[in-house]
Amino acid sequence: LIKLKTKNYNILIADNLINNFDELIKKSYHKDKIFIITDQNVFNLYEKKITKSLPSFKLYFHVLKPGETSKSFLNYQETINSLINKGIKKDHLIIGFGGGVVGDLAGFIAGTLYRGINFIQIPTSLLAVVDSSIGSKTGIDLELGKNLVGVYKDPKVVLIDPLFLNTLSTKEYNNGLAEVIKMALIRDKTLFNNIKDKNKLTIDDIVRTINIKRKIVRKDPFEKNLRMLLNFGHTFGHAIELESNFNVKHGVAISYGMLISIEEGIKRGITKHDIYDEVKDLLIKHNLVKEPLLSKDKYLKYLKHDKKNLSSGLNFVFIKEIGKSLIKSGVIFND
Ligand SMILES: NC(=O)c1ccc[n+]([C@@H]2O[C@H](COP(=O)([O-])OP(=O)(O)OC[C@H]3O[C@@H](n4cnc5c(N)ncnc54)[C@H](O)[C@@H]3O)[C@@H](O)[C@H]2O)c1
């Protein structure tokens, strides 16, 4: 069992951790009802297993439609109503069991229902394991934009059983892998080298990735400075997602975004020029980008705070070389 500590809670990681869920949850929660929020795909695959793994508790499932649309305000309200109708009380426990969509919505509900109730994350997608379940950010989308409403909500514990990832489609796996590659690029050359020749991550790779985010979040929990490093590739990534009306997957969008950032860094003499092909080849290998690559010009008008960009520039994350990154302010992009 690998135990990573954050200020307020632990992240526990082991293959077959599911066999210990019951005792682990009993350590910090002493009621007998648990409210599990999940989505239909995860429910179909794991309802029996998760139920069998928690014999000490009476479980109430709330099953969401899979996909980003479930992170809506309407769904927030509907889910809360359904939990209240099922009898949820202030001292009960909500588990977010699924990918990032489930975790973000369940966490936001746990952070706001009755002004906050017990919460545990059991992430099942690679993206949720290495990224969204770490760092306590939760939230929902509005029509005006994604993740506009949310709270920081610490879980009591994050329980990670990498064997859940075995049922993930290659497309979803690679979507999460894009964030792993991002974290390696900003902070960990060894991780980058470790994952170069593999299709599947080892537990060690997963732990290294979580550790990168965990350490950054520990130093800057509320995204005032250092946490911005995690936005590497995301400035243009978001622009690409917006331009495509969110038809391009997040992992794909940030992969093109990372290559644009490297290109821009090279142009400005910040980034070593010989890493471009190495990163590109890895992203091509995992079907995250393909040639011809996207050029930044089409996306300039979709950059956040576009007007500000023209005058005072953006905060932008560059990498110097693999594993070393920096934030620059006042960065301006021209056609
Ligand atoms: N809170 C944060 O800090 C943070 C960070 C990054 C991303 N996010 C959010 O995370 C969300 C994306 O997360 P995601 O990529 O996990 O999306 P998701 O939750 O939609 O999951 C992706 C797909 O994989 C399926 N799935 C999940 N686990 C599975 C399993 N074990 N086997 C088979 N299928 C499985 C889901 O049903 C879904 O169809 C976005 O809403 C994003 O805003 C949040």
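A few notes on this one:
- Note on the chain: with charges restricted to the Cβ of Lys and Arg (+1) and Asp and Glu (-1), its dipole about the Cα centre is near 1040 debye.
- Secondary-structure-derived ellipticity at 222 nm for the chain, considering helices only, amounts to -12500 deg cm²/dmol, per-run term -39500 (n - 2.57) for DSSP H runs with n ≥ 4.
- Helix 73-85 axis versus longest C-alpha principal axis of the chain: approximately 20°, rounded to the nearest ten.
- Scoring 253-260, 326-333 by mean Cβ neighbours within 10 Å over their residues and listing the highest first yields 253-260, 326-333.
- Bridgeable aspartates and glutamates around Lys198 (alpha carbons under 14 Å apart, same-chain partners fewer than 8 residues away excluded): Asp281.
- The range 1-44: C-alpha pair distances exceeding 13 Å, %: 69
- Shape category assigned to the range 94-155 from the gyration tensor of Cα positions, a/c cut at 1.5: oblate
- Looking at the range 1-79 alone, DSSP beta bridges between its own residues are antiparallel in about 35 percent of cases.
- The angle separating the long axis of helix 203-219 from the principal Cα axis of greatest extent in the chain is about 80 degrees.
- DSSP beta bridge pairing in the chain, given as percent antiparallel to the nearest 5: 35
- Equivalent-ellipsoid semi-axes for the range 217-335 (Cα gyration tensor, √(5λ), whole Å, largest first): 20, 18, 15.
- Alpha-carbon spread of the range 1-138, three principal axes, descending order, Å: 39, 32, 30
- Here's the list of aspartates and glutamates a cross-link from Lys249 could span, going by alpha-carbon distance under 14 Å and ignoring same-chain residues fewer than 8 apart: Glu68, Glu172, Glu179, Glu241.
- Prolate/oblate/rounded label for the range 137-243 (Cα gyration tensor, a/c 1.5): rounded
- Extending 7 Å from Cα along the Cβ direction at Lys272 and again at Leu163 yields two label points whose distance is 4.1 nm.
- Out-of-range pairs (alpha-carbon distance over 20 Å; input Lys7/Lys328; Lys171/Lys290; Lys5/Lys215): Lys7/Lys328
- Within the same chain, aspartates and glutamates fewer than 8 places from Lys320 are excluded, and of the rest, those with a Cα less than 12 Å from its Cα are Glu263, Glu264, Asp274.
- Residue of Leu113, Leu191, Leu93 that the Gaussian network model of the chain assigns the largest fluctuation, springs spanning Cα pairs under 10 Å: Leu113
- Tensor-based shape of the chain (alpha-carbon gyration tensor, a/c under 1.5 rounded, otherwise prolate or oblate): prolate
Where a number appears in this text, it was derived from the coordinates with a stated rule and is not lab data. Small disclaimer: the values here were computed from a predicted structure and weren't measured. Cβ atoms come from the backbone with ideal geometry, glycine included; neighbour counts cover every protein chain shown.
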